[in-house]
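Asker: Structure provided below as structure tokens; questions to follow.
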Amino acid sequence: MSTIKVGLLGFGTIGTGVVRNFQKNSSIISQRLGSKLELAKIADLDIETDRGVQLGADTLTSNVEDVISNPEIDVVIELIGGYEPAKSFILKAIENGKHIVTANKALMAVHGQEIIAAANKHSVSVMFEAAVGGGIPIISSIKENLCSNEFSSVFGILNGTCNFILTKMTEEGSDFAPVLQEAQELGYAEADPTFDIEGIDTAHKIALLSALCFGTKVDFEQVYVEGITKISAIDIEFAEQMGYKIKLLAIGKNHGDQIEVRVHPTMISKNYQLADINGVFNAVRLVGDFCGPTLLYGSGAGMDATASAVMGDVIAIGRDIVSGAKQRMPIMGYCEDQIRSLPIKAMNDVVSHYYLRFTTADQTSVLAKIAGCLGSHNISIQSMLQPEEREVDSVSIVLMTHAAKEADISAALVEIEKLDVVLQPTCLIRVEADPV
Ligand code: HSE
């Protein structure tokens, strides 16, 4: 039996999971691959910390060149994360003819085209299943199993930290800040949770999924991103009363000549499948013209689930090596010369339903003034909620609109917030009223 040699860059949590998977399931892997898989080298700046796994005497190195320029190594796994030095290491490994497996969503979403161009030049594979949805096999499903479909949409709950926070806020009626602190104490949220709670991590993932589903380049700078930091317990409570849950939803829609790619807190009906995805779990719901609505659900993060995705990619590349196939699978699932550059719909042109919560003086005619501003911008009110409880000096007025254009909503809110009876900035949450 031949041996395929693998090098690993980054020996953190996921890297440790990869080593564990290599060691625990080595015979299953060989039986499925038809070759032995050997983890030949692991490079990390920290070669002292005990990760609880046994390694051969020469496996660990602090010199990255032992992996990326090692003539014996066929496949390099990159688990360093971030843009640099991960990008430079990957590009050098590609130049040296190594296939790449990475979990690096930020790098692939922002610099993926440069990496793909280099890989195509050197006829090597780049796989990144672990970059989206942890252990959920979403990328291979899009590229392989569902590849005869034209996709009309891909929606996701793609950040376990945010989903944990929103679930807890919903279940316990808590506000954002204490639940974030709990998420950090439990180790779900990073010490610096910015990428998670500001929606950036989710945006990286939906940019990749939209590119894969719709066969287009996605300019990450054009993706609208809004995180969950402004969501309050009161909005979750009102959403509940109106039959909705609030989720950080990643939205990709295919309009043929343009696409929508956006991330923001979104109200979805309590009866919609994604409303039931709770805690740290992730889910992706895509709609293909032949497969129909399809939901994939599972662990979106964590050592073992993410290692499973990494190892699946390593074995897929190993199978190509064994069979002599070269770049059998186009990196983004479409032949390179067929990938389009579809524009992303500007946020101002997006049409949605809107939840609006106004904090106003408790006076006569307030509602009439607000409704007048909305009406003058073609915004029609679908329903209204005015809770009995009142602050001493103010009341909440909650409106749900019919479908309206974002530009009209923005213009109406500018006028409304100039009214002297409106005491605080309006809370706006978009509503996916009729998702397929
Ligand atoms: N930090 C992410 C999450 C996992 O909370 O889901 C890695 O993208």
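Asker: I need the phi-derived Karplus couplings for segment 67-82: 6.51 cos²θ - 1.76 cosθ + 1.60, θ = phi - 60°, integer Hz, Gly and Pro marked x.
Answerer: 9, 6, 10, 7, x, 7, 7, 9, 10, 10, 9, 9, 10, 7, x, x
Asker: Let me ask another. What figure in square angstrom, to the nearest 10, would you give for the accessible area of Tyr188 with a 1.4 Å probe?
Answerer: Here the accessible area works out near 100 Å².
Asker: Right, here's the next one. Along the Cα-to-Cβ line of Thr194, 7 Å from the Cα, sits a label point; which residues in segment 146-172 have backbone N less than 18 Å from it?
Answerer: Within reach of a label on Thr194, which here means backbone N under 18 Å from a point 7 Å along Cα→Cβ, segment 146-172 contributes 162.
Asker: What's the angle, to the nearest 10 degrees (0 to 90), between helix 86-95's Cα axis and the longest principal axis of the chain?
Answerer: Here the helix axis deviates by roughly 40 degrees.
Asker: Leaving out ligands, DNA and RNA but keeping every protein chain, what accessible area does Ser141 have, in Å² rounded to the nearest 10, with a 1.4 Å probe?
Answerer: Ser141 exposes around 20 Å² with every protein chain in place.
Asker: Output wanted: per-residue J couplings in Hz (rounded whole) for segment 102-118, from phi through Karplus 6.51 cos²θ - 1.76 cosθ + 1.60, θ = phi - 60°, x for Gly and Pro.
Answerer: After applying 6.51 cos²θ - 1.76 cosθ + 1.60, I find 9, 9, 8, 5, 4, 5, 5, 6, 9, 10, x, 5, 5, 5, 5, 4, 5 Hz.
Asker: Pairing the Cα long axis of helix 176-185 with the longest principal axis of the chain, what angle in degrees results, from 0 to 90 and rounded to the nearest 10?
Answerer: 20
Asker: Further question on the same structure: Sorted by accessible area with a 1.4 angstrom probe, largest first, how do Asp408, Asp235 fall?
Answerer: Asp408, Asp235
Asker: Can you give the accessible area of Cys147, probe radius 1.4 Å, in Å² rounded to 10?
Answerer: For Cys147, the solvent-accessible surface is approximately 90 Å².
Asker: 222 nm [θ] for the chain, helices only, -39500 (n - 2.57) per DSSP H run of 4+, per residue, to 500?
Answerer: -10000 deg cm²/dmol, from helical runs alone.
Asker: At most 14 other Cβ atoms within 10 Å and a DSSP loop assignment: could you name the GluC sites (Glu not before Pro) in segment 1-98 that fit?
Answerer: Of the GluC sites (Glu not before Pro), the ones in loops of segment 1-98 whose Cβ has at most 14 other Cβ atoms within 10 Å are Glu48, Glu72.
Asker: Among the lysines, select those whose C-alpha is under 23 Å from the C-alpha of Lys369, and discard any that sit fewer than 8 residues away in the same chain.
Answerer: Correct list for Lys369: Lys405, Lys418.
Asker: Take the Cα coordinates of segment 129-284, assign each an equal point scatterer, and use the Debye formula without solvent to give log10 I(q)/I(0) at q = 0.18 Å⁻¹.
Answerer: -1.06
Asker: Continuing with this model, one more query. Taking all protein chains together and a probe of 1.4 Å, list Met1, Met127, Met303 from the most accessible to the least accessible.
Answerer: Result, largest first: Met1, Met303, Met127.
Asker: Pop out the carbon and sulfur fraction of the accessible area of the chain as a percent, whole number, probe 1.4 Å.
Answerer: On the chain, the fraction of accessible area on carbon and sulfur atoms equals 49 percent.
Asker: When the Cα centres of segment 154-206 and segment 389-436 are compared, how far apart do they sit, in Å?
Answerer: Value for the Cα centre distance between the two parts: 25 Å.
Asker: Quick check on the chain: of the DSSP beta bridges with both residues there, what percent are antiparallel, nearest 5%?
Answerer: If I count the DSSP bridges inside the chain, around 65 percent turn out antiparallel.
Asker: Can you give the angle from 0 to 90° between the axis of helix 406-416 and the longest principal axis of the chain, with both taken from C-alpha atoms, to the nearest 10?
Answerer: 40
Asker: I've got another one for you. For the chain, report the accessible area per residue in Å² (1.4 Å probe, heavy atoms, rounded to an integer).
Answerer: I get 43 Å² per residue for this part.
The values are calculated or read from the model by the stated rules, or taken from the named source; none is laboratory data. In this text the structure is predicted, and so the values were computed from the model without any measurement. Cβ coordinates were reconstructed from backbone atoms using ideal geometry, including for glycine residues, and neighbour counts include every protein chain displayed. Note: areas computed on protein heavy atoms with side chains; ligands, DNA, RNA excluded. Shrake-Rupley method; radii C 1.70, N 1.55, O 1.52, S 1.80 Å.
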